[in-house]
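The values are calculated or read from the model by the stated rules, or taken from the named source; none is laboratory data. Since the model is a prediction, treat every value here as computed from it, not as a measurement. Reconstructed Cβ throughout: ideal geometry from the backbone, glycine too, with neighbour counts over all protein chains shown. Just so you know, the surface numbers come from the protein's heavy atoms only, side chains and all, with ligands and any DNA or RNA stripped out. Shrake-Rupley method; radii C 1.70, N 1.55, O 1.52, S 1.80 Å.
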Amino acid sequence: MGQLSDREHPEPLAPSDEAVLSADGLYKSYRRTAWPHSRRTPVLQGASLSLAPGEIVGLVGENGSGKSTLMKILAGDLVADSGTVERTDSFGYCPQEPVLYERLTCDEHLELFGAAYGLEAADLERSRAELYERLEYERFADRRVEELSGGTRAKLNLTIAMLHDPRLLFLDEPYAGFDWDTYQRFWAISEERRDAGATLLVISHFIADEERFDRIYDLVGGTTVQR
Ligand SMILES: Nc1ncnc2c1ncn2[C@@H]1O[C@H](COP(=O)(O)OP(=O)(O)OP(=O)(O)O)[C@@H](O)[C@H]1O
Ligand SMILES: [Mg+2]
């Protein structure tokens, strides 16, 4: 599958029951070196999940349960010890800790990522303008990241993931730094994209979010349990 939006670059649509992501039997442990011994701490112990087009799915679990580890593996940022992941190539990833360049401006980030995604200039311009406006931070377009607040960095982190309007979005606690108004705006954008056929996997702590999700997976003891 291509990197670009279905709406601007139509491709044959997959049948609605075809998974955009299918992960099976994922195991991951981290090595801990406490001299003279090296131990492995198991984090994932057979986690599996499947995502269909047009749904918002929650991934919930206590601190340290392995949610970010699982999402990194799904996004291809980390290699599992065993198990399989099949997914569309058209995806965006918003990591828990923003990966931004302190010396570059917001505009420069979006130009850089737009080029990496292979976006046409007009598509980049449209998408950038829309996300600046919807997330209300256009006034920071020319500011360097080093001058931005944590919440504005989080907006840029989210914009980078959404910029190319991917079919699948991995969002790791995307609204942890957002104020209430931005949080509501985040959900409005997410629901619109879901209704247009995109799939969102969102890591969340808040039980209050429960009704926002079409489905929820709990990560417990290294495995995923669907509620
Ligand atoms: N690079 C690493 N090296 C060693 N241990 C790690 C590494 N990354 C994560 N861990 C450990 O793996 C476990 C799961 O971490 P992870 O970040 O996936 O949890 P999480 O569910 O996302 O937590 P949080 O809710 O705090 O974000 C934790 O015990 C953590 O200390
Ligand atoms: Mg995490």
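Between helix 121-134 and the chain, what is the angle of the helix's C-alpha long axis to the longest principal axis, kept within 0 to 90° and rounded to the nearest 10?
80
Report P(r) for region 162-227: all Cα-Cα distances, bin width 5 Å, range 0 to the bin holding the largest distance, values in whole percent.
Over region 162-227, the share of Cα pairs per 5 Å bin runs 4, 14, 26, 27, 17, 9, 3 percent.
Relative contact order (percent) for region 84-211, with alpha-carbon contacts under 8 angstrom and 6 or more residues of separation?
For region 84-211, the relative contact order is 34 percent.
Picking from Leu148, Ala161, Gly83, whose Cα lies most toward the positive end of the charge dipole for the chain (charges on Cβ: Lys, Arg +1; Asp, Glu -1)?
Gly83
With a 1.4 Å probe and all protein chains kept in place, how much accessible area does Thr224 have, in Å² rounded to the nearest 10?
The value for Thr224 is about 30 Å².
Using a 10 angstrom cutoff on alpha carbons, build the Gaussian network for the chain and name the most mobile of Val99, Val57, Val85.
Of Val99, Val57, Val85, the Gaussian network model singles out Val99 as fluctuating most.
Could you work out the Rg to Rh ratio of region 112-227, with Rh taken as the Kirkwood radius (inverse of the mean 1/r over all Cα pairs)?
0.98
Please work out the ratio of the alpha-carbon Rg of region 40-137 to 2.2 N^0.38 Å and round it to two decimals.
Cα Rg divided by the expected 2.2 N^0.38 Å: 1.33.
For the chain, what does the helix formula give at 222 nm: sum of -39500 (n - 2.57) over DSSP H segments with n ≥ 4, over the residue count, nearest 500 deg cm²/dmol?
-9000 deg cm²/dmol
On a C-alpha basis, how far is the centre of region 148-227 from the centre of region 42-97 in Å? Whole number, if you could?
13
Starting from the Cα-Cα distance between Ala176 and Arg143, subtract it from 0.36 nm times their residue separation and give me the gain in nm to one decimal.
Length gained, Ala176 through Arg143: 9.7 nm.
Restricting the count to DSSP beta bridges whose residues both fall in region 21-226, what percent are antiparallel, rounded to a multiple of 5?
That works out to approximately 55 percent antiparallel.
State in Å² the accessible area per residue of the chain; use a 1.4 Å probe, count heavy atoms of protein chains only, and round to the nearest integer.
Value for the chain: 50 Å² per residue.
Let me know the Rg and Dmax you get for the chain when you use only its Cα atoms, in Å.
Cα-based Rg and Dmax for the chain come out at 17.9, 58 Å.
In a Gaussian network model over the chain where Cα atoms closer than 10 Å are linked, find which of Ala52, Ala121, Ala80 has the largest mean-square fluctuation.
Ala121
Considering only DSSP beta bridges where both residues belong to region 111-227, give the percentage that are antiparallel (nearest 5).
45
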